[in-house]
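Peer 1: Sharing a structure below in structure tokens format, with a few things to ask.
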Amino acid sequence: MGARDPLYPQSDNLNDWFPQRDTSDVLTVNGLRLGVVVGGSLSKGLDVKLDRETVIEDLAVGRYVVVRGLNKRFFCMITDITLDTTNPAIRSDPPDLTDQFLREIYSGTAAFGTLHVTPMLTIDLEAGEPRPVKTIPSHFMPVEIATTDDVNDVFGREDATHFNVGAPLELEETQINLDLKRLVERSVGVFGKSGTGKSFLTRILLAGIIQNDVAVNLIFDMHNDYGWAARDERGSEAKGLKQLFSSKVAIFTLDEDATRRRNAKYDHVVTIGYDDIEPEDLAMLKTTMDLSDPMIDAAYELQKVWKRDWITHLIDASSDDLDMLKEMIAASPASVQALQRRLRRFERFDFLKPHALDDSVRKIIEFIEQRKSVVLEFGRYGNALEAYILVANYLTRRIHAMYVQAVERALGDENMEPPQLLITIEEAHKFLDPLIARQTIFGTIARELRKYNVTLLVVDQRPSGIDDEVMSQVGTRVTALLDNDRDIAAVLMGISGSAGLREVLARLDTSQQAIIMGHAVPMPVVVKTRTYDTEFYRSLGSAPAGDGGSQRSKPDRESRRIR
Amino acid sequence: MTDTTAQQPIIGSVLRASTVGFVCGTRSQDIVHPSFGAFVRTRHGQMGEIDVIGLIHAISIDDDPLVRQLVLANNMTPAAARDQRENRMVPVEISVVNIGFIQYDYIYHNLPPRPPLSLDPVQLCDDETIMAFTERLDFLRLVLNTNDVPTEELLAAALLHASNARPEAQRYAFLVHAGRRLAGLLAHDPPRLQHLLRLINPN
Ligand SMILES: Nc1ncnc2c1ncn2[C@@H]1O[C@H](COP(=O)(O)OP(=O)(O)O)[C@@H](O)[C@H]1O
Ligand SMILES: [Mg+2]
């Protein structure tokens, strides 16, 4: 006896249209079908009704799924997971699910799970490049967990400019390869609460950049994290960049004693002369040192009177000296006195001297010209924010000025231009807060894009404190867990599909997980960051990218004078 | 649809019929076989004719003048009662809702295009036919939309019949499968669904 239906199947039950696997014991969802698309929109994302067999508890926001459409693969990120019922009435009288029979019937039918996924990219079936999504799959297309092949098709393989930074969620054997060229081409932000792995992540990024020679780095190392061995929270030591790339990295220090005590090999001790500090350098410190506008004006006037030695004079000035000043300048004595009190705080900083021992700016430039990255250790001054801001600004202003000249002199001849420079600063909101971002050199660098071959790597735990306009120029954002809504909103600003990412961002693990989004990745991705350990050190030594430089044109690699 | 079916007992013949159901008349002593929710079919001798498959949803015994008299008389002997039952003038009526039909040995899961003919013999379906028919569960919807029958009780009884027609090992899976279909069909009416599931829950 045969059974057949002369009519079209008259069913409103999706399960009848889409026969399901009959393996209700499958728990691993890897590469398997999760459900079908049942609705949604391009702007708001897709709704996916989960198959009965899909174990909701095994899913997590941030994971990739692939919708296999008719001629395209759609890459989507899970941004929400909901429990649905076909009828809200069932909530008021829920069935007794301790009964196995009832559970098997209700789950997936009257009560079922829905995924909300945000489409990020599409790839045409016949060997297409990843493209931005401009459409969505049609109804009832199957949705699967992304496989290793899917991920590789999007993020490419590791090579001279693609650097492995970690694995996507739940796909440990896969790797996410950042496009380093694009990474350094625009400014980069590394964000996250304290203790979420920002410093480790930054060190991994810097290692990739240095290893593959995509940019020279100047790192203002507040907590001695990057140059020489840094102790982690568990007390084990992580190697610094100088230890990993001894010939490509130089350590400069502001605190020779501290650096020596850590047995770090340093190349240069930085001193800054009072006579080199200009009133402009103080403007940056307005909020940190509580300087008023009249005080800054007074600084300009004092410089006119006392010339280069104005700071030494002011610090040493007796009240009689200040009295005499009254005749010579317009600034009020109160402002001058207040300024004097503030600047006397500088006396705590041993690296500040009446005259610098040598020209540290020139020294740094020399290393940069040789394509050597410079890590500036702050030693004990890392805890003094005004020291950090003063020095970072002082050096950066002068180095940037030289870059501007060099680039303009090159007249567009790329071979004559100085090497791409990436400047790393921590506590970035102190440099880039909306009050001062316009006046400071870091605001300028962020805004002028890559015009002068200088970009920023900003590390910060409070991204909401960064000026909006600057933030919009941060091309690649690497974000570990943030729990403050304003911070989350700040890092997601200007990222497409960001509504869904908010949920993902707020639910990252507390350490070694981050979302990477923006310029250096084809689509936002949640990674479990590579572990910074001996295996990582080894991979830097033997990776194929190690000699990636040979593919570069020759002049690019030669050292070139910036001055 | 051959030998074993032929051996199934005839439970009566069609009295009245329409495309949505029919009534089968039988003598009262023959009603030991049919039960509420059982699958029945009509049996037409001719090739190409339609045999209707349905579910028994009511069995009724009407009175007649003689029964009324006997009930009033206070000296009814057991012999008189048996005689009345065996030789009564009004047949027992078995009401059936149509849920499908068979034509040229094919099973169709929708209403028959024509009703069965009166006096067509009616028999219980054998296990093989029940299994084949309930491979698909379209009749659930058909019955749920039927008026004037106790839908949930009827479906529950039918599903238990269908389950029992299967080998022991397949019964549970069958009921779960049916339950899921019902969950889809009764999504708008959770209390009704819960009631039905309670009726077929094997646990
Ligand atoms: N990629 C990583 N490899 C190894 N350990 C890590 C990694 N990321 C984070 N950790 C651990 O987490 C701790 C905090 O990381 P850290 O980078 O100091 O956080 P943050 O700079 O955000 O305050 C580290 O001490 C280390 O033990
Ligand atoms: Mg840190």
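The values are calculated or read from the model by the stated rules, or taken from the named source; none is laboratory data. All of these numbers come straight from a predicted model, not from anything done at the bench. Positions of Cβ are generated from backbone atoms using ideal geometry, with glycine treated the same way; all protein chains shown enter the neighbour counts. Protein only, heavy atoms only, side chains kept; ligands, DNA and RNA dropped before computing areas. Shrake-Rupley method; radii C 1.70, N 1.55, O 1.52, S 1.80 Å.
Peer 1: Give the average, rounded to an integer, of partner chain Cβ atoms located within 10 angstrom of each Cβ in B:182-189.
Peer 2: Shielding by partners across B:182-189 averages 6.
Peer 1: May I ask you to derive the FRET efficiency for A:L357 and A:S496 from their Cβ-Cβ distance with R0 = 45 Å, giving the value to the nearest 0.05?
Peer 2: Taking R0 as 45 Å, the efficiency between A:L357 and A:S496 is 0.30.
Peer 1: OK, next. Mind listing which GluC sites (Glu not before Pro) in the stretch A:390-446 are in a DSSP loop and have 10 or fewer other Cβ atoms within 10 Å?
Peer 2: When the GluC sites (Glu not before Pro) of the stretch A:390-446 are filtered for loop state and at most 10 Cβ neighbours within 10 Å, nothing remains.
Peer 1: Helix A:198-211 versus the longest principal axis of chain A: what angle, 0 to 90°, nearest 10, using Cα atoms?
Peer 2: 80
Peer 1: Sticking with this structure for a sec: Please build a GNM for chain B, connecting alpha carbons under 10 Å apart, and tell me which residue among B:N164, B:N75, B:N87 fluctuates the most.
Peer 2: Looking only at B:N164, B:N75, B:N87, the biggest GNM fluctuation is shown by B:N75.
Peer 1: With charges set only on the Cβ (+1 for Lys and Arg, -1 for Asp and Glu), what does the dipole of the stretch A:275-348 come to about its Cα centre, in debye to the nearest 20?
Peer 2: Once rounded to the nearest 20, the dipole reads 240 debye.
Peer 1: In whole Hz, what ³J(HN,Hα) sequence does the stretch A:327-334 give by Karplus (6.51, -1.76, 1.60; θ = phi - 60°), x for Gly and Pro?
Peer 2: 5, 8, 10, 7, 4, 6, x, 4
Peer 1: Another question about this same structure. Once Rh for the stretch A:14-154 is found with the Kirkwood sum over Cα pairs, what is the Stokes-Einstein diffusion coefficient at 25 °C and 0.890 mPa s, in µm²/s?
Peer 2: 156
Peer 1: Here is a follow-up. For A:K72, go through the aspartates and glutamates and keep the ones whose alpha-carbon is under 16 Å away, minus same-chain ones fewer than eight residues off.
Peer 2: Cα-Cα hits under 16 Å: A:D124, A:E126, A:E129, A:E144, A:D149, A:D150, A:D153.
Peer 1: Roughly speaking, what is the stretch gain from A:D485 to A:S194, that is 0.36 nm per residue apart minus the C-alpha to C-alpha distance, in nm to one decimal?
Peer 2: The A:D485-A:S194 span can extend by a further 103.2 nm.
Peer 1: Roughly how compact is the stretch A:275-348, stated as its Cα Rg over 2.2 N^0.38 Å to two decimals?
Peer 2: 0.98
Peer 1: Treating only the Cβ of Lys, Arg, Asp and Glu as charged (+1, +1, -1, -1), what charge dipole size does chain A show about its Cα centre? Round to the nearest 20 debye.
Peer 2: Once rounded to the nearest 20, the dipole reads 1220 debye.
Peer 1: Kirkwood hydrodynamic radius of the stretch A:150-231 from all distinct Cα pairs, in Å?
Peer 2: Result for the stretch A:150-231, one decimal place: 14.0 Å.
Peer 1: Counting only protein heavy atoms and using a 1.4 Å probe, what share of the accessible area of the stretch A:297-411 belongs to carbon plus sulfur, as a whole percent?
Peer 2: Exposed carbon and sulfur together represent 49 percent of the surface.
Peer 1: Right, here's the next one. If you take the accessible area of B alone, add that of A alone, and subtract the area of the pair, what total do you get in Å², probe 1.4 Å, to the nearest 100?
Peer 2: The summed interface area works out to 2500 Å².
Peer 1: Using Cα atoms only, what is the angle between the long axis of helix A:360-369 and the major principal axis of chain A, expressed in degrees (0 to 90) to the nearest 10?
Peer 2: 50
Peer 1: Between A:N152 and A:E126, what is the FRET efficiency for a Förster distance of 25 Å, r being their Cβ-Cβ separation, to the nearest 0.05?
Peer 2: Approximately 0.90, to the nearest 0.05.
Peer 1: Calculate the spin-label point distance for A:R348 paired with A:R538, positioning each point 7 Å from the Cα along the beta-carbon direction, and give it in nanometres.
Peer 2: 4.6
Peer 1: Find the accessible area per residue for chain B; the probe is 1.4 Å, ligands and nucleic acids are left out, and the unit is Å².
Peer 2: Result: 49 Å² of accessible area for each residue.
Peer 1: So how much slack lies between A:T510 and A:K134, counting 0.36 nm per residue of separation and subtracting their Cα-Cα distance, in nm?
Peer 2: Roughly 132.0 nm would be gained on extension.
Peer 1: For the pair B:V149 and B:S28, how long in nm is the line joining their label points, each one 7 Å along Cα→Cβ?
Peer 2: Calculated label separation equals 2.6 nm.
Peer 1: Now for a separate question. Over the Cα atoms, compute the radius of gyration (one decimal) and Dmax (the largest Cα-Cα distance, rounded to a whole number) for the stretch A:29-95, in Å.
Peer 2: According to the Cα coordinates of the stretch A:29-95, Rg and Dmax are 13.5, 44 Å.
Peer 1: Express the relative contact order of chain A as a whole percentage, based on alpha carbon pairs under 8 Å and six or more residues apart in sequence.
Peer 2: In percent, rounded to a whole number, it is 18.
Peer 1: What is the magnitude of the charge dipole of the stretch A:408-515 about its Cα centre, with +1 placed on the Cβ of each Lys and Arg, -1 on the Cβ of each Asp and Glu, and no other charges, expressed in debye to the nearest 20?
Peer 2: 100
Peer 1: What residues have an amide H closer than 5 Å to that of A:K72, excluding those fewer than 5 places away on the same chain, when H is modeled at 1.01 Å from N in the peptide plane?
Peer 2: Distant-sequence amide H within range of A:K72: A:L125.
Peer 1: Per residue of the stretch A:260-277, in order, report the coupling 6.51 cos²θ - 1.76 cosθ + 1.60 (Karplus, θ = phi - 60°) as ³J(HN,Hα) in whole Hz, putting x for Gly and Pro.
Peer 2: Values per residue, Gly and Pro as x: 5, 4, 7, 6, 7, 7, 10, 9, 6, 9, 8, 10, 10, x, 3, 6, 9, 7 Hz.
Peer 1: On average over all directions, what projected area in square nanometres does the stretch A:174-278 have, based on the convex hull of its Cα atoms?
Peer 2: So the mean shadow area of the Cα hull is 9.2 nm².
Peer 1: Using the Cα centre of the stretch A:14-154 as origin and beta-carbon charges of +1 (Lys, Arg) and -1 (Asp, Glu), tell me which of A:L42, A:N71, A:P88 is placed farthest towards the positive end of the dipole.
Peer 2: Of the listed residues, the answer is A:L42.
Peer 1: Still on this model: With unit charges on the beta carbons (Lys and Arg positive, Asp and Glu negative) and the dipole taken about the Cα centre of chain B, which residue among B:F22, B:P121, B:A156 sits farthest to the positive side?
Peer 2: Positive-end residue among those listed: B:A156.
Peer 1: Can you tell which of B:V143, A:I209, A:L32 lies farthest toward the positive end of the dipole of the protein assembly as shown, using +1 and -1 charges on the Cβ of basic and acidic side chains (Lys, Arg; Asp, Glu)?
Peer 2: It is A:I209, whose Cα lies furthest towards the positive end.
Peer 1: Using only the alpha carbons, work out the radius of gyration and Dmax of chain B in angstrom.
Peer 2: When restricted to Cα atoms, chain B yields Rg and Dmax of 18.5, 57 Å.
Peer 1: Taking Cα atoms, how many degrees apart are the long axis of helix B:168-185 and the longest axis of chain B, rounded to 10 and kept between 0 and 90?
Peer 2: Once rounded, one gets 80 degrees.
Peer 1: List the pairs from A:K181/A:K528; A:K134/A:K193; A:K44/A:K198 whose alpha-carbon separation is above 25 Å, in the order I gave them.
Peer 2: Result: A:K134/A:K193; A:K44/A:K198 exceed 25 Å.
Peer 1: Another question, then. Compute the accessible area per residue over the stretch A:275-348, keeping the other protein chains in place, probe 1.4 Å, unit Å².
Peer 2: 52
Peer 1: So which lysines pass the test for A:K307, namely a Cα distance under 19 Å, with those fewer than 8 places away in the same chain ruled out?
Peer 2: A:K326, A:K353
Peer 1: Normalised by the number of residues in the stretch B:10-200, what is the relative contact order in percent for Cα pairs under 8 Å and 6+ residues apart?
Peer 2: Relative contact order comes out at 27 percent.
Peer 1: Pull up the DSSP beta bridges for the protein assembly as shown and report the antiparallel fraction as a percent, rounded to 5.
Peer 2: 70
Peer 1: Another question about this same structure. Relative contact order for the stretch A:14-154: what is it in percent, counting Cα pairs under 8 Å that are at least 6 residues apart?
Peer 2: It rounds to 34 percent for the stretch A:14-154.
Peer 1: Could you give the radius of gyration (one decimal) and Dmax (whole number) of the Cα atoms in chain A, in Å?
Peer 2: 28.7, 117
Peer 1: Looking at the stretch B:39-112, which chymotrypsin sites (Phe, Trp or Tyr not before Pro) are DSSP coil and have at most 14 other C-beta atoms within 10 Å of their C-beta?
Peer 2: Filter output for the stretch B:39-112: B:Y104.
Peer 1: So what is the 222 nm mean residue ellipticity for the protein assembly as shown from helices alone, if each DSSP H run of at least 4 adds -39500 (n - 2.57) and you divide by all residues, rounding to the nearest 500 deg cm²/dmol?
Peer 2: -9500 deg cm²/dmol
Peer 1: If you keep only loop residues by DSSP, which trypsin sites (Lys or Arg not before Pro) in the stretch A:448-540 have at most 12 other Cβ atoms within 10 Å of their Cβ?
Peer 2: A:K451
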